[in-house]
There are 2 protein chains.
Amino acid sequence: MAGNSRLTIATHVLTWMALARRRGQDLLTSEQVAASVNTNPVIIRRSLGDLRRAGLVEVRRGAGAGWTLARAPEEITLLDVYNAVEQQPLFAMHHTEPNLECPVGKGIRPALDHAYDGVEQALCQELRRTSIADVLKRTLRE
Amino acid sequence: MAGNSRLTIATHVLTWMALARRRGQDLLTSEQVAASVNTNPVIIRRSLGDLRRAGLVEVRRGAGAGWTLARAPEEITLLDVYNAVEQQPLFAMHHTEPNLECPVGKGIRPALDHAYDGVEQALCQELRRTSIADVLKRTLRE
DNA sequence: CCTTGTTGTAACAAGATCTGTTGCAAACGG
DNA sequence: CCGTTTGCAACAGATCTTGTTACAACAAGG
């Protein structure tokens, strides 16, 4: 599992934008953000694109362009970020269809769907308990 | 996310073994299990190997060999299965080290660790609420 | 209207991971 | 000793992720 670090990157980006805003710098370019994450600006633009489609940030194009937070850091939770950057469910079903002649092969998928739904709900509830402001506070403390 | 279906495969295997045991067939070969999952026996042996190392199943080698459940289906939870088949954490950190000159780059990783720990705990608590016996019951109902 | 700086996105490479497959040595019951 | 089955290595194909380069689209400001 853990094939990707998208939640980590997006949270880093937003936390950095929250700190910059507190310091009076409202407009940031993807290059400036990339300097903190230490990666390529295109990676940051991809992440910011996800966040923009989810309504968490806004962009201004053209010369002197850049990004701003669309909401206060207190109003952005890790669940918002997770939903913005993760599309696929947590656990995948079988690659190949199970043997439908077998009672287990026939009924296992709805049974697993039910269990996995509960897990995803628990995950979402926990993610919603932390905001970008919380992450920033803890980031500066350590 | 969801790069893999290991939890699904392993749960399917155990559910099928629970049903077979209820029908009086205690010893199953990887080929018999593979017929229900509809995949290659080596895939099943890999999954059963994880489950054996976790103490959830037992194996007898040689001629007339096969697998048995090491515990009652009521005593095996999805958390046991998850721990048996998933090693890596749910969310990955940055691939490249963040810029430690930046206060966010410096402090973000412990802050994220803390948040991710809470999420994993919530995930585990929810997974523990469902047993293989529960999955079997719901599988046969639908 | 033109220059300039920035975004949006496509195309591609390298690496990792996952599933599936083949082959074979090791184990062991009969 | 034979026959069955596991354990495991090696490999192929598919997909995903990160990183990189390149370039068109866009708009602010002179």
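Every number in this text was worked out from the coordinates using simple rules, so none of it is lab data. What you see is a predicted model; the values in this text were computed from it and never measured. Please note: Cβ atoms are built from the backbone with ideal geometry, for glycine as well, and neighbour counts cover all protein chains shown.
When the Cα positions of B:THR68, B:CYS102, B:HIS12 are compared along the charge dipole of segment B:6-141, B:THR68 comes out farthest toward the positive end, with charges on each C-beta of Lys, Arg, Asp and Glu.
Among B:LEU48, B:ALA84, B:GLY118, pick out the residue whose Cα is farthest towards the positive end of the charge dipole of segment B:6-141, where Lys and Arg carry +1 and Asp and Glu carry -1 on C-beta, about the Cα centre. Ranked along the dipole, the leading option is B:LEU48. Can you compute the label reach from B:LEU27? Point 7 Å from Cα along the Cβ direction, backbone N cut-off under 12 Å, restricted to segment B:40-73. The answer is B:59-68, whose backbone nitrogens lie closer than 12 Å to the label point. In summary, the aspartates and glutamates within cross-link reach of A:LYS106, defined as a Cα separation below 15 angstrom excluding same-chain residues under 8 places away, comprise A:GLU97, B:GLU142. When the Gaussian network model of chain B links Cα atoms closer than 10 Å, the mean-square fluctuations of B:GLY105, B:GLY24, B:GLY118 top out at B:GLY105. Its Cα centre serving as origin, chain A has a Cβ charge dipole (Lys and Arg +1, Asp and Glu -1) of approximately 660 debye. Membrane-span-like helices in chain B (whole DSSP H runs, Cα extent of at least 15 Å along the helix axis, mean Kyte-Doolittle hydropathy of at least -0.5): B:6-22, B:41-53, B:103-127.
Both radii were evaluated on the Cα set of segment B:6-141; the Rg over Rh quotient, with Rh as the Kirkwood radius, amounts to 1.13.
Segment B:31-123: which trypsin sites (Lys or Arg not before Pro) are DSSP loop and have at most 15 other beta-carbon atoms within 10 angstrom? Each step should come with its number before you reach the end.
On the way: sites: B:ARG45, B:ARG46, B:ARG52, B:ARG53, B:ARG60, B:ARG61, B:ARG71, B:LYS106; in loops: B:ARG61, B:ARG71.
The qualifying sites are B:ARG61, B:ARG71.
Taken about its Cα centre, the protein assembly as shown carries a charge dipole of about 160 debye when Lys and Arg each add +1 at the Cβ and Asp and Glu each add -1 at the Cβ. Run the paramagnetic zone check for B:GLU58: 7 angstrom along Cα to Cβ, then residues of segment B:117-142 with backbone nitrogen under 20 Å. Only B:132-133 pass the distance filter. Here segment B:34-112 is treated with +1 on each Lys and Arg Cβ and -1 on each Asp and Glu Cβ, and its dipole about the Cα centre works out to around 340 debye. Separation of segment B:22-47 from segment A:18-51 is 50 Å, based on Cα centroids.
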